[in-house]
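The values are calculated or read from the model by the stated rules, or taken from the named source; none is laboratory data. All values reported here derive from a predicted model rather than from experimental measurement. Don't worry about glycine lacking a Cβ; one is built from the backbone with ideal geometry, like all the others, and counts go over all protein chains shown. Ligands, DNA and RNA are stripped out before the accessible areas are found, and what is left, the full protein with its side chains, is counted by its heavy atoms. Shrake-Rupley method; radii C 1.70, N 1.55, O 1.52, S 1.80 Å.
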Amino acid sequence: MVNFKPLDPEHPIEQQLGVDAGPVVLVNLFTIDPDDHDDLIAAWRDDALWMKKQTGYISTQMHKAIGESSMYLNYAIWDSVADFRAAFSNPEFQKALSHYPSSAVTAPHLFEKIAVSNCCTA
């Protein structure tokens, strides 16, 4: 079972799920024991394939930290918090969290794209 830890303790994912916003990017940091790499990827792949079928899902990508680090970063783009909340809260998805290795710690957080003059658009 994956263990949750807030990326921002002042505004944990549970609080963010009540915000009406979109589109949003889920940023999710995982740490694991190095020996659990294959189990993490298998569990995440199953979740990603399930999420792809959900309303409002746009895309996802997993990254592994370089070197000897056992940190992984997943991001997923959703049409809205409401769509992500519906998928994340689904009992089928919640049950699937038990398939993660016991060493897995995850820190999910939702973000909105912002405009920065001469760099990026919202």
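So what are the ³J(HN,Hα) numbers for the stretch 76-85, from phi and the Karplus equation (6.51, -1.76, 1.60; θ = phi - 60°), rounded to whole Hz, Gly and Pro as x?
9, 9, 10, 4, 7, 4, 4, 5, 5, 4
By the scheme Lys and Arg +1, Asp and Glu -1, what is the net charge of all other residues having a beta-carbon under 13 Å from that of R85? Walk me through the numbers before you get to the answer.
Working: positive: none; negative: E14, D20, D79, D83.
Net of charged neighbours comes to -4.
Between (1) 1.41; (2) 1.07; (3) 1.46, which matches Cα Rg over 2.2 N^0.38 Å calculated for the structure shown?
Recomputing Cα Rg over 2.2 N^0.38 Å here picks out (2).
Taking only DSSP H segments of four or more residues, each worth -39500 (n - 2.57), what value at 222 nm results for the chain once the sum is divided by all its residues, to the nearest 500 deg cm²/dmol? If you can, show how the numbers build up before the last one.
Details: 4 runs with 34 residues, N = 122.
About -7500 deg cm²/dmol.
Kindly identify the stretch 1-64 as rounded, prolate or oblate by the Cα gyration tensor criterion: order the square roots of the eigenvalues as a ≥ b ≥ c, call it rounded if a/c is under 1.5, otherwise compare a/b with b/c, prolate if a/b is larger, else oblate. Spell out each step's value before the answer.
Details: a/c = 2.38, a/b = 1.26, b/c = 1.88.
Taking the square roots of the gyration eigenvalues as a ≥ b ≥ c, the stretch 1-64 is oblate.
Would you mind calculating the relative contact order of the chain from Cα pairs under 8 angstrom and at least 6 residues apart, reporting the percent as a whole number?
Values: 215 pairs, mean separation 56.3, N = 122.
Relative contact order of the chain: 46 percent.
Which whole-Hz ³J(HN,Hα) couplings does the stretch 34-50 yield from phi under the Karplus relation 6.51 cos²θ - 1.76 cosθ + 1.60, θ = phi - 60°, glycine and proline marked x?
My calculation for the stretch 34-50 gives x, 5, 9, 3, 4, 5, 4, 5, 5, 5, 5, 4, 4, 5, 4, 5, 5 Hz in order.
Could you do me a favour and compute the accessible area per residue for the chain, 1.4 Å probe, result in Å²?
Accessible area per residue, the chain: 61 Å².
Would you mind telling me the antiparallel percentage of the DSSP bridges in the chain, rounded to 5?
Approximately 90 percent, going by the DSSP bridge assignments.
Carbon and sulfur: what percent of the stretch 12-122's accessible surface (1.4 Å probe)?
55 percent
Could you report the accessible area of F111 in Å², rounded to 10, computed with a 1.4 Å probe on the protein chains as they sit in the structure?
Spelled out: F111, probe radius 1.4 Å, area about 90 Å².
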